[in-house]
Amino acid sequence: MGSNGKKENNAAELKSHFSYSKIADALSDYDDAEYVIFGVPFDNTSSFRRGSRLSPNSIRYAYNNLESYEVNYNVNLLDCNICDLGDLPVYEDVDYVLSDVETVTDMIFRDNKIPIMLGGEHSITVGAIRNLKDVSMVIIDAHSDFRDSYMDNKYNHACVTRRALELLGKNRIISIGTRSTSYEEVTAEEYKDVRFISANEVRQSGIDKIINEVKNKTGDKVYFSIDMDGIDPAYAPGVGTPEPYGLTDVDVRSILNSVSKKIVGYDIVEMTPLYDNGNTSMLAAKLIQDFIASRASTGP
């Protein structure tokens, strides 16, 4: 049953948007799926190392090496009703890409399914959250991404948190792992309307304290966005704009697990296979498994 009282859903129309490529464990048809994976191969506003447009299939390739049974959660991913629609077409215009993402995620949300979006650069997140109201947002990111415009583009990947604030409102966004921000960003009046938790604060306070804050400050519905550069380059070297002194992979998994059962939408962005030794693709693939398996787990 679709969200508008119709028996049919958006499966047929969605298929017209995508090329076909499928992640391992994605055995469900769209009709039966709870989780809907799709790739957005776009990196046209990237400001340092381009190549994230290549990451969706790099993540899929790495995922093929993972066991379907997730021992940490006692969950078999083959039983989790996962669908992979493939990738959206490659376009160069960010406004068009965001509109396409908005259209696709709107259909997935209206069909009461959870989109898992594989970037591509971080700008694509804006297209997904255009469909959401009364949600909290958790971002893993090395950068504040709070510029009002960058390279004369308000939808540059360096502006995604600023655009998210405009859509969701103040005190709804927590960005964790920050260790790079411009003076222009940090002195903006609206900067205080987002809770930026630096990687240094995570180390000094301890991950348990950060998790408690995340759980207490997020509502019943959460959109979770992982910019892979939020993770230290020792764990995730293949990113567009690497920054030293980042979060550990286990920190990110712990934060993700703490709110996974409240997550209504999820993305992994800014991975750049051209600079990867294989670790970044594998970690991104594992973070997909961690998200789904932690939701399916009967534990807390």
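Computed from the coordinates by the stated procedures, all read-outs in this text should not be read as laboratory data. Here the structure is a predicted model, which means the values were calculated and not measured. Note that we place each Cβ from the backbone using ideal geometry, even for glycine, and neighbour counts take in every protein chain shown.
In the chain, what percentage of the DSSP-assigned beta bridges are antiparallel, given to the nearest 5? All intermediate terms of the calculation are to be shown ahead of the outcome.
Values: 4 of 38 bridges.
Here the antiparallel bridges make up roughly 10 percent for the chain.
Charges only on Cβ, +1 for Lys and Arg, -1 for Asp and Glu: so what's the dipole of segment 11-296 about the Cα centre, in debye to the nearest 20? Walk me through the numbers on the way to the answer.
Values: 29 positive and 45 negative charges, 124 e Å.
Around 600 debye, computed over segment 11-296.
Among S46, V36, F224, pick out the residue whose Cα is farthest towards the positive end of the charge dipole of the chain, where Lys and Arg carry +1 and Asp and Glu carry -1 on C-beta, about the Cα centre.
F224
List, largest first, the extents of the alpha carbons of segment 11-296 along their principal axes, each in whole Å.
48, 40, 38
Among K133/K286; K22/K154; K133/K261; K113/K262; K22/K215, which pairs are too far apart, with a Cα-Cα distance over 21 Å?
Details: K133/K286 29 Å; K22/K154 33 Å; K133/K261 18 Å; K113/K262 13 Å; K22/K215 33 Å.
Table pairs above 21 Å Cα-Cα are K133/K286; K22/K154; K22/K215.
Could you order peptides 190-198, 232-240 by the average number of other Cβ atoms within 10 Å of their residues, highest first?
On the way: 190-198: 17.1, 232-240: 21.6.
Going from most to least packed, we get 232-240, 190-198.
When ranked by the protection proxy of mean other Cβ atoms within 10 Å per residue, highest first, what sequence do the peptides 260-272, 166-178 form?
On the way: 260-272: 23.9, 166-178: 20.0.
Going from most to least packed, we get 260-272, 166-178.
If amide hydrogens are placed 1.01 Å from N in the peptide plane, which non-local residues have theirs closer than 5 Å to the one on G246?
D232
Rounded to whole Å and ordered largest first, report the semi-axes of the equivalent ellipsoid of segment 58-167 derived from its Cα gyration tensor (root of 5λ).
On the way: eigenvalues 159, 51, 49 Å².
For segment 58-167, the ellipsoid semi-axes come out as 28, 16, 16 Å.
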